[in-house]
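Chemist: Please read through the structure below; I'll follow up with questions.
The values are calculated or read from the model by the stated rules, or taken from the named source; none is laboratory data. Since we're looking at a predicted model, the values are computed, not measured. Here the Cβ is made from the backbone with ideal geometry for all residues, glycine too, and neighbour counts use every protein chain on show. We work out accessible area using only protein heavy atoms, side chains counted, and drop any ligands, DNA or RNA first. Shrake-Rupley method; radii C 1.70, N 1.55, O 1.52, S 1.80 Å.
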Amino acid sequence: MSTDSAIIRRSVDDPRAFAEIFDRHARVVGAFAARRVGSDAAEDVLSETFLVAFRRRGDFDHRWESARPWLLGIATRLVRSHRAHEAGHWRALGAAAGEPGSDEGGLEAASERLDATARVRELVPGIAAVSARDRDTLLLYAWGDLTYEEVAVALGVPVGTVRSRLNRVRRRLGATAVARAGSPVRRGEEALDG
């Protein structure tokens, strides 16, 4: 199986080859975009991401075999243009976290859903309150499922910057969880990781 790098190289002479990059990564980029800007704007971000990537495929850094960090970096920059929608999405997520689920289940399942809802409700204001750079870093790591090194590539920053941003976000979210629930900081970190 060819690496993404080899496919992008081939697509410079044969543009149709780039379709394989879309096939490989559209689901991940689309899911990341949906979490950031909501499902309505996600399709636009997805389309724009691959359009920009196709146009800039000659600029791809071939030292990387996978195009996923590059594509998620493009998507992150496009999301910035949808900030108003994202803010509304976070407010809606916070409001939805307060509503009990309507699907039926046992008492234990309902209790688990309520616990998860409470953890999300604790973190949403904290995530919305961090700087855009820190939020981008966190969400590429948590929702984009990228390594620190891949987040660094996506954002064009050193790995140390990614580490310090994630550390700052974890501390802030941990402090938010402690202030809101009186729970240990570790609980907020578990919610962030889970």
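Chemist: For SER39 and GLU20, compute 0.36 nm times the residue count separating them, minus their Cα-Cα distance, and round to one decimal in nm.
Modeler: Going from the current span to full extension adds 4.5 nm.
Chemist: Between ALA129 and GLU65, what is the label-point separation in nm under the 7 Å Cα-to-beta-carbon projection?
Modeler: So the label points at GLU65 and ALA129 sit 4.3 nm apart.
Chemist: Per residue, what accessible area does region 22-88 have, given a 1.4 Å probe and all protein chains present, in Å²?
Modeler: Value returned for region 22-88: 52 Å² of accessible area per residue.
Chemist: In whole Hz and in residue order, list the ³J(HN,Hα) couplings for region 30-41 that follow from phi through the Karplus curve 6.51 cos²θ - 1.76 cosθ + 1.60, θ = phi - 60°; x for Gly and Pro.
Modeler: Each residue of region 30-41 in turn: x, 5, 4, 4, 4, 5, 7, 10, x, 5, 5, 8 Hz.
Chemist: What is the gain in length, in nm to one decimal, between VAL52 and VAL159 on full extension, counting 0.36 nm per residue of separation less the C-alpha to C-alpha distance?
Modeler: Residue separation times 0.36 nm, minus the Cα-Cα distance, leaves 36.1 nm.
Chemist: Just for the Cα atoms in region 1-80, what are the lengths along the principal axes, largest first, rounded to whole Å?
Modeler: Principal axes ranked by extent give 34, 22, 22 Å for the Cα atoms.
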